[in-house]
Each structure stands twice: as structure tokens, then as C-alpha cells.
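K.L.:
After the C-alpha cells below, expect a handful of questions from me.
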Amino acid sequence: MKTNKRKILQIIVPTLIVLFIAGIWIYKNYDKTPSEPVVPTESDGEALTSPENEADFALNAETLDLEKLTAYGLPIIIDFGADWCGPCQNFAPILDAMHEEMLNKAIIKYVDTDKYGDIASKFPVQVIPTQVFINADGTPYVPSDNIDVDFIEYPKADSGETEFTVHQGGLTADQLRAILADMGVSG
């Protein structure tokens, strides 16, 4: 009888050890991230910017993934310019200040057309500076009548619907605030 207990213990104890180690391994290696990326919103009570998505909210763009940016549910302004451009240099401090002021309320990006011409080629940039305006839902911004800024709306060739809404030249901080308010940004 003693040998039967000993044989049972010789089987059960190693089996329990293996199961315990396997359980620890599964716990530590289990992928706890959801399959769809979770995009934080202000309603979650946390800031949108974090180390993981810092590049999405950085002013200077080296890449531009509109699908990813629109997933944040914020209006987007993309400014195209270059270092040698005088009007771009005049507009740069305003753009930088608005970027800081509107952090977590809107996404404001700057694309250097000399360094990232491949990005600029996807938009109707004829002169610099040029700003492209995109609503929080990813649709082109259509300004209301009370916005005193000259916009150019580029239609899609097949449907005639607006594909891009742009402004050529610099803007004042007040004009940017008015546009963002028209796009749904509060305060």
C-alpha cells in the first residue's frame, strides 16, 4: 500500500508542478491587448496623447495615416510648408501655438513639402503654405457662411462631392480658432 501511494505521488507531484509552471507561462505570455486598437477619447477621462500615440499628435509629420488620425474623432488641420518659405515662417509660430492650445481637442500637423513631398503629393497643394481641413468624422470640412476665410473646395471627379477643403496662405490665430469652433471644437 505504501508503494501505491508513493507511485501516485510520483505521478501527481510532477504533474502539478508542470501545470503550475504552464499556468504562470500562460499568464505572463497571454496577449492582454484587444485585437482592435483602442483609441482613448476624452470621454474615457484620460488624455488622448500618450507615449504610444505621441507621433500622431506631434506637430511635425514624417508620415500621415489619415485613417489612424480620424479614428481619434478629432478635427484635423494639415499645414503644408517649407523652411525656405517666408509666409510659412511667418505662419509657423501661430501654427505651433495653436497646436499646443488645441492638444487633445484637434490634431494639427505640419508637413515639410521638401522633406515629405510624397505626403504632399496626395493633397491639392499648389502653393505653400496650404492648410487642409478634415472634420472629426473624416469628411472634408465645409465652412459655414460666418467664417470669413477664403477656402477652395476640390470636388471628387466621379461624384462632384467635396474631396478636400483647403486654404492657401497663412491664417491668424483667431481665424484658426473660428475654423476649429466651426468644426465643433469648444474652448
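The values are calculated or read from the model by the stated rules, or taken from the named source; none is laboratory data. Because the structure is a prediction, the values reported are computed rather than measured. When we count neighbours, we look across all protein chains shown, and the Cβ atoms used for this are built from the backbone with ideal geometry, even at glycine.
K.L.:
Considering only the range 117-148, how many residues are more than 19 Å from T162 (Cβ to Cβ), touching a residue at least 40 places away in the same chain (Cβ under 8 Å) and either acidic (D, E) or buried (at least 17 other Cβ atoms within 10 Å of the Cβ) (or both)?
P.N.:
Going through the range 117-148 one residue at a time, the tally reaches 4.
K.L.:
Can you work out which of the residues in the range 104-119 that are closer than 20 Å to T63 by Cα and either assigned to a loop (DSSP other than H, G, I, E, B) or acidic (D, E) (or both) is modelled with the lowest pLDDT?
P.N.:
N104
K.L.:
Please verify whether F151 is within 23 Å of E67 (Cα to Cα) and aromatic (F, W, Y), treating the condition exactly as stated.
P.N.:
no
K.L.:
When residues of the range 121-140 are filtered for being on the phi < 0 side of the Ramachandran plot and under 17 Å from the mean Cα position of the chain (by Cα), how many remain?
P.N.:
Residues that pass the stated criteria total 9.
K.L.:
Let me ask something else about it. How many of the residues making up the range 157-178 are touching a residue at least 60 places away in the same chain (Cβ under 8 Å) and surrounded by 13 or more Cβ atoms within 10 Å (Cβ to Cβ)?
P.N.:
The number of residues fulfilling the criteria is 6.
K.L.:
Please return the ranges of strands (runs of 3 or more DSSP E) entirely within the range 128-176 where 3 or more residues are under 17 Å from G81 (Cα atoms).
P.N.:
130-134, 162-168
K.L.:
Taking the conditions exactly as written (surrounded by fewer than 11 Cβ atoms within 10 Å (Cβ to Cβ) and either at pLDDT 75 or above or touching a Cys at 6+ places or on another chain (Cβ under 8 Å) (or both)), does G23 satisfy them or not?
P.N.:
Answer is no for this residue.
K.L.:
Look at the range 144-176 and say how many of its residues are within 23 Å of A92 (Cα to Cα) and not polar (S, T, N, Q).
P.N.:
Residues meeting the conditions: 15.
K.L.:
Could you please let me know if Q89 is more than 21 Å from the chain's Cα centre (by Cα), touching a residue at least 24 places away in the same chain (Cβ under 8 Å) and more than 18 Å from D65 (Cα to Cα)?
P.N.:
no
K.L.:
Here are the criteria: (1) of a type in the set (F, W, Y); (2) within 15 Å of T172 (Cα to Cα); (3) not in a helix (DSSP H, G or I). Tell me which single one F123 does not satisfy.
P.N.:
Condition (2) is where F123 drops out.
K.L.:
Which numbered condition trips up N135, out of (1) at pLDDT 95 or above; (2) more than 19 Å from Y72 (Cα to Cα); (3) of a type in the set (S, T, N, Q)?
P.N.:
(2)
K.L.:
Hey, another quick one. Only one residue in E42, E36, E101 is within 26 Å of V166 (Cα to Cα) and either surrounded by fewer than 19 Cβ atoms within 10 Å (Cβ to Cβ) or at pLDDT 75 or above (or both), so which one is that?
P.N.:
Within the list E42, E36, E101, the selection yields E101.
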